[in-house]
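The values are calculated or read from the model by the stated rules, or taken from the named source; none is laboratory data. Just so it is clear, the model here is predicted, and its values are computed rather than measured. Cβ placement follows ideal geometry from the backbone for every residue including glycine, while neighbour counts extend to all protein chains displayed. In case anyone asks, the SASA skips ligands and DNA or RNA and just uses the protein heavy atoms, side chains included. Shrake-Rupley method; radii C 1.70, N 1.55, O 1.52, S 1.80 Å.
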Amino acid sequence: MKKALTLILASMMIMGCVACGDNSGSSSQAPTTEATTEATTEEATEEATEEVTEEATEEDTEAGNDAPSASGTLGETLNAEFKTYIEANPDATAQAVADTLMANPAILFAPATMPVENGLLSGFGETEITGFSEGVMFAPMIGSIAFVGYIFKLDDGTDVDAFIQTLKDNADPRWNICVEAEETIVDCSGNTVFFVMCPKSLEA
């Protein structure tokens, strides 16, 4: 009886050891599997991140190469387009020039144009502007933007330099009271005069 009991106990101990050995084996394998999984995941994540970063950098670089470069302030951009357009179209009407300028991508507001006559004009205080046969004002439809421009086709007998000096001497950047223009640009091509008071840039 004692021998049988001893055999049973010994068998149970052996089975217990085998079971513990299996458990310890499983425990020792689990961290290895987890470590392998973590290492694989980290490598995959790093590779994916590098690929995405490289692709994004290449796309940004290509987009930057395709993007148009800034040509200066808003007034300088419009003046450059004025000169290019009027030199290619010297007989263009003041209205056609104004419409072209207002279609420039730098204009980020709803524009309006309006024919003007000799006399008091917005932006020049109490001084009458005279000596042009055709004039068009271009400006935003919203009055809170410090922007006003003109295209003048001068009379044959008008002194272009004197006309331009009159515009410069009487231009009031604070004509709008609420806001103030940051730059005033006056230029000409032949007997066509360009004038603008405006911010240096517009925000979308």
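Remarks
- Where Y150, Y85 fall by accessible area, highest first, once all protein chains stay in place (1.4 Å): Y85, Y150
- When all protein chains stay in place and ligands, DNA and RNA are ignored, the 1.4 Å accessible-area order of L202, L101, L120, largest first, is L120, L202, L101.
- Candidate residues S133, S189: accessible-area rank, largest first, probe 1.4 Å: S133, S189
- Accessible-area composition of region 99-204, carbon plus sulfur, in percent [1.4 Å probe]: 50
- The Cβ shell under 14 Å around V116 holds other residues with a net charge of -2, Lys and Arg each +1, Asp and Glu each -1.
- Simple spin-label estimate for A80 and T127 gives 2.9 nm between the two label positions (7 Å along the Cα-to-Cβ direction from each Cα).
- Hull-based mean projected area of region 82-176, where the convex hull spans the alpha carbons, in square nanometres: 6.2
- Extension gain, L202 to Q165: 0.36 nm times the residue separation minus the Cα-Cα distance gives 10.6 nm.
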